[in-house]
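The values are calculated or read from the model by the stated rules, or taken from the named source; none is laboratory data. All values reported here derive from a predicted model rather than from experimental measurement. Positions of Cβ are backbone-derived with ideal geometry, glycine not excepted, and every protein chain shown enters the neighbour counts.
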Amino acid sequence: MPDTRAAAPVQEPVTIEEAAPAGQAVAARGPGPRRAPVQATAPDQEAVPVDEYEAYCALERQLGVLFRRSRALSADMGREVHPELEPGAYSILVRVGEVAPARSTDLAAYFGVGKATISRQLKVLEELGLIKREPDPVDGRAHLLELTDEGMRRLDRARSARQKRFYALLGTWPQDDVRLLAAMLARFNDLTATAGEPGSA
């Protein structure tokens, strides 16, 4: 008796371009002429020009490494300031030292966190004796934050240790290269201050 079942439709093989996630450029592989990468983006995103794509891929990879290692460095620095200090609280301590007298609302806006989160971290810093509160002369309901003498001493000691670590890493570089690195990082930081930091997810 002949087989009357319908044959399954033949499905065309999925190409690398079709399988790639949105926003990722890929190059066709396999036999045949090699095609240039195609940048797939959402309708509201601007495509990276094909001839610049590799440079931005390299940038994304290296920034990813830098961000991961900077978090680890912040954790180390926090422990040098105080064994019980978390990385997030260390960053807040540094910021208070930079802009004191500081308001908690300004700190929350700077770090992009909620009032409850910043209040919890500030409470830890205060309990450790690293910051102090003073009444805000402009707003009687608020307080201004400053480093205590102990907080300033510990932060200065941690910064000195960090500078020595950077010198150990970059001591063989020409001074012009070190200055160029600092200048380019400053330029990037200024840009992200207004455009929002990439790769924060």
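Mind checking which residues of the range 41-65 are of a type in the set (A, V, I, L, M), assigned to a helix (DSSP H, G or I) and either exposed (fewer than 10 other Cβ atoms within 10 Å of the Cβ) or modelled with pLDDT of 90 or more (or both)?
Ala55, Ala58, Leu59, Leu63, Val65
Every residue, every condition in (1) at pLDDT below 90; (2) assigned to a helix (DSSP H, G or I), yes or no:
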residue: Ala75; (1), (2): yes, yes
residue: Leu144; (1), (2): no, no
residue: Arg154; (1), (2): no, yes
residue: Ser160; (1), (2): no, yes
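When the residues of the range 92-112 are filtered to those that are farther than 19 Å from Gly140 by Cβ and not in a helix (DSSP H, G or I), which remaining residue is farthest from the chain's Cα centre (by Cα)?
My answer is Ala100.
Condition first: closer than 23 Å to Ala89 by Cα and either under 23 Å from the mean Cα position of the chain (by Cα) or touching a residue at least 12 places away in the same chain (Cβ under 8 Å) (or both). Can you find one or more residues in the range 166-174 that meet it?
Looking through the range 166-174, at least one residue is closer than 23 Å to Ala89 by Cα and either under 23 Å from the mean Cα position of the chain (by Cα) or touching a residue at least 12 places away in the same chain (Cβ under 8 Å) (or both).
Given the criteria surrounded by fewer than 14 Cβ atoms within 10 Å (Cβ to Cβ) and in a helix (DSSP H, G or I), does Asp176 qualify?
yes
Filter the range 79-89 down to the residues that are in contact (Cβ under 8 Å) with a residue 60 or more places away in the chain and assigned to a helix (DSSP H, G or I) and list them by number.
Hits for the range 79-89 are Glu80, Val81.
Can you find a residue in the range 125-139 that is free of Cβ contacts under 8 Å to residues at least 12 places away in the same chain and touching a His at 6+ places or on another chain (Cβ under 7 Å)?
Yes: one or more hits.
Identify, by number, the condition in (1) at pLDDT 90 or above; (2) more than 20 Å from Leu85 (Cβ to Cβ); (3) surrounded by 13 or more Cβ atoms within 10 Å (Cβ to Cβ) that Asp136 doesn't meet.
For Asp136, the failing item is (1).
Looking at (1) within 23 Å of the chain's Cα centre (by Cα); (2) outside any helix (DSSP H, G or I), can you tell me which one Arg133 breaks?
(1)
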